[in-house]
Amino acid sequence: MSAPQKDAVTQAEAAASFLAAQQITERACEKCGTSIAGVNGRYACGGCGWTNHWSEGLSQLPEASDDAAG
């Protein structure tokens with residue numbers, strides 16, 4: 001396997017691991033009542049544009065230093 005292929009496999013494994021740790025959550029939009037889904041308690045309504053504050057999520061957001069692409 002060539003180096004670019006190994007890099008792609010490593011990135012795919014990291015992405016799969018990240019996605020496995022995410023939780024899909026649901027609630028009603030606080031502004032218009034539309035049923036919306038989010039990831040780890042963070043929401044954005046496509047109907048009216050309402051979003052909840054990032055700090056209301058169920059988990060800590062990653063630091064910039066955690067970004068492998070950075």
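The values are calculated or read from the model by the stated rules, or taken from the named source; none is laboratory data. Because the structure is predicted, anything quoted here is derived from the model rather than measured. Using ideal geometry, Cβ is built from the backbone for each residue, glycine included, and neighbour counts are taken over all protein chains shown. The area values use the complete protein model at the heavy-atom level, side chains included, leaving out ligands, DNA and RNA. Shrake-Rupley method; radii C 1.70, N 1.55, O 1.52, S 1.80 Å.
Looking at the chain, which chymotrypsin sites (Phe, Trp or Tyr not before Pro) are DSSP coil and have at most 14 other C-beta atoms within 10 Å of their C-beta?
none
Please calculate how many Å² of accessible area the chain carries per residue, with a 1.4 Å probe and no DNA, RNA or ligand atoms counted.
Working: 5370 Å² over 70 residues.
Solvent-accessible surface per residue comes out at 77 Å².
Unpartnered cysteines of the chain (Cβ-Cβ under 4.7 Å counts as a partner)?
Here no cysteine comes out as lacking a disulfide-compatible partner, given the Cβ-Cβ threshold of under 4.7 Å.
Using modelled amide H (1.01 Å from N, peptide plane; none on Pro or chain starts), what sits under 5 Å from the amide H of V39, excluding residues fewer than 5 places away?
T25
Ignoring any ligand, DNA or RNA, what whole percent of the accessible area of the chain comes from carbon and sulfur when the probe is 1.4 angstrom?
54 percent
Specify the angular offset, from 0 to 90 degrees and rounded to the nearest 10, of the alpha carbon long axis of helix 3-20 from the longest principal axis of the alpha carbons in the chain.
The angle comes out at about 30 degrees.
Based on DSSP H runs of at least 4 residues, each adding -39500 (n - 2.57), what is the mean residue ellipticity at 222 nm of the chain after dividing by all its residues, to the nearest 500 deg cm²/dmol? It would help to have the intermediate numbers written out before the result.
Details: 1 runs with 18 residues, N = 70.
-8500 deg cm²/dmol, from helical runs alone.
List the GluC sites (Glu not before Pro) within the chain that DSSP assigns to loop and that have no more than 12 neighbouring Cβ atoms inside 10 Å.
E63
Of the labelled options (1) 16.4, 52; (2) 17.2, 52; (3) 28.0, 81, which one gives Rg and Dmax of the Cα atoms in Å as computed for this structure?
Derived directly from the coordinates: (1).
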